[in-house]
Amino acid sequence: MTALTLSTAAAAGLKADALVVGVAKGDKGPVVAPGADAVEKAFGGKLATVLETLGATGGEGEVTKLPAPDGVKAPLVLLVGLGALAEKGESFDADALRRAAGAAARALSGTKKAAFALPVEDADDVQAIGEGALLGAYSFDAYKENGSNGSAKSSKKDAAKGPLAEVVILGTKARDKAAKAALERATAVSEELNRARDLINTPPNDLNPEAFAAVATAAGKEHGIKVQVLDEKALAKGGYGGILGVGVGSASPPRLVKLSYTHAKAKKHLAFVGKGITYDSGGISLKPAGHNETMKCDMSGAAAVFAAVVAAARLGLEVNVTGWLALAENMPSGSATRPGDVLRMYSGKTVEVLNTDAEGRLVLADAIAKASEDKPDAIVDVATLTGAMMVALGSRTFGIMSNDDAFRTSVYEIAEENGEPAWPMPLPEHLVKGMDSPTADIANMGERMGGGLVAGLFLREFVGEGITWAHLDIAGPAYNEGAPFGYTPKGGTGTAVRTLVALAERTAAGDLG
């Protein structure tokens, strides 16, 4: 795991294997960003000219490596693009710093120690750089030949190239309490987000509902979180028809996990609910070839909720946070739920299952109904719920729906502030009729057009009366099948973790009403 520390040392004088400095994209070429004055001087004031000669522009995520000149103790200078030059008198955007730090950390894979001399004006900048570095340095090698699991082979070159081992952030003042607190927050949130990534990337033969529940139980003991696990017998006794209906076709039975973090001074209570389909074949409504290879990621919502609750506990936030992990494996078999079956949900409503591949809303509906019994101040569910949301918003943005416009706006603003692209989506009432069923209270499918909104409307039916609720459909950004970028790796991303943690922080501060 990458270590993160602060230093007041001068950039040129710190002993490290690499020195990272920022470069911005100016109107007339690359511009060396603040924090690298000593490095610029060591290059004879011609660093920008050298970069331009090499074709560097300062564009976002661009990385240029140069041998260090005399006067710089690190043997390597890595220049990373920050994007557009900040206007005079303005600071660089926090996520620009986060993305630059992430790109630099990825480029320094295999390096022992790197000093980051990016622009730092306040504690928020320290936090952004720290998060970017820790998230960018992430790697999942448990199944490589020399990884912790060792169940697959890789080249010796890949096996020897571990993540950046130590990051030192420069530019802070001695005994800066705010900077130290920002570093601690960045460490806690990033480590838990990376744990969520590990869970998402773990193959489904090793991460079934029982295994996920065991991970949550162990984390609860470590961080003082109360954990309750309902197995298939308890689910049957409690009448959780949605979770059982999805998991009944699998040899790995479902689980509902409740994580309760409480604080003695808390005045508010948040409930986070996560979809945890550890593998989604589609069930009897089997997914076609080419659509199921990455379906280990269908528990990304539960991973995000789990990570957010643990992070809240590590940060000691003055708010009660309950996490609900609705865990099941959706498989076809002789015992699997069939299209046309009717399930009696925990709430008492009956649901006609028209498509067994619309299973996420079924497990969430039970968990949301159960969470509502605690009368929290707000419920937020997180789920890789619909391909329709990817069609609407692409692969990097998640949709937000809510039964309260003001709350939806708040969640959207928090997501954007924390570098998680999101977009507010409506819940059109006319789409409700499409879920009418002749045999049950509601069907699990409605109109094809606006399918992501239909799913949100379905979930709304199970929210307790008078409870504020928001639904985050993270189907697009939860799993990156393309090349890494910024601080986002290939594979599981851990999206929504930072939004949930920031929401808990703001609630603790009394800023959400």
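Before moving on, here are some points about what is shown:
- Potential lengthening of the chain between ASP37 and THR350 amounts to 106.0 nm, from the contour at 0.36 nm per residue minus the alpha-carbon distance.
- Within the chain, helix-based [θ] at 222 nm, where runs of 4 or more DSSP H residues each add -39,500 (n - 2.57), nearest 500: -10000 deg cm²/dmol
- Computed over all pairs of different Cα atoms, the Kirkwood value for the hydrodynamic radius of the stretch 46-143 is 14.4 Å.
- Modelled this way, with points 7 Å down the Cα-to-C-beta line, the labels at ALA10 and ASP341 are 7.2 nm from one another.
- The apolar share of the surface of the chain, taken as the fraction of accessible area on carbon and sulfur atoms (1.4 Å probe, ligands and nucleic acids excluded), comes to 50 percent.
- By the rule of a C-alpha distance below 20 Å, with chain neighbours fewer than 8 residues away ignored, the lysines paired with LYS265 are LYS226, LYS375.
- Note on LYS433: lysines with a C-alpha under 17 Å away, same-chain residues under 8 apart excluded, are LYS349.
- Centre separation in Å (Cα based) which lies between the stretch 409-436 and the stretch 81-109: 29
- Net +/- balance of residues flanking PHE92 in space, Cβ distance below 9 Å, scoring K and R +1, D and E -1: -4
- Backbone N within the stretch 92-115 under 18 Å of label point (7 Å from GLU417 Cα along the Cβ vector): 92-98
- For VAL248, the amide hydrogen comes within under 5 Å of the amide hydrogens of THR337, counting only partners 5 or more places away or on other chains and with H modelled in the peptide plane.
- One entry in (i) 43, 23, 21; (ii) 36, 31, 21; (iii) 54, 27, 20 is semi-axes √(5λ) of the Cα gyration tensor in Å calculated from the shown coordinates; its label is (i).
- Accessible surface for the stretch 208-316, divided over its residues, is 38 Å² per residue with a 1.4 Å probe.
- Backbone N within the stretch 38-56 under 12 Å of label point (7 Å from ASP27 Cα along the Cβ vector): none
- The residues of the stretch 23-86 have, on average, 51 Å² of accessible surface per residue, using a 1.4 Å probe with all protein chains present.
- Rounded to the nearest 5, the antiparallel percentage of DSSP beta bridges internal to the stretch 234-379 is 45%.
- Taking a ≥ b ≥ c as the square roots of the eigenvalues of the alpha carbon gyration tensor, the stretch 367-439 is oblate, as a/c is not under 1.5 and a/b does not beat b/c.
- Pairs from LYS237/LYS268; LYS258/LYS370; LYS113/LYS161; LYS237/LYS296; LYS15/LYS180; LYS112/LYS161 whose Cα-Cα separation, in the structure shown, is over 19 Å: LYS237/LYS268; LYS237/LYS296; LYS15/LYS180
- Dipole magnitude of the stretch 377-416, debye to nearest 20 (Cβ charges: Lys/Arg +1, Asp/Glu -1, about Cα centre): 260
- Antiparallel bridges, percent of DSSP beta bridges restricted to the chain (to nearest 5): 40
- Sorted peptide list for 282-295, 458-471, criterion being average Cβ within 10 angstrom, highest first: 458-471, 282-295
The values are calculated or read from the model by the stated rules, or taken from the named source; none is laboratory data. Keep in mind the model is a prediction, meaning the values are calculated, not measured. Using ideal geometry, Cβ is built from the backbone for each residue, glycine included, and neighbour counts are taken over all protein chains shown. All accessible areas refer to the heavy atoms of the entire protein, side chains included, with ligands and DNA or RNA removed. Shrake-Rupley method; radii C 1.70, N 1.55, O 1.52, S 1.80 Å.
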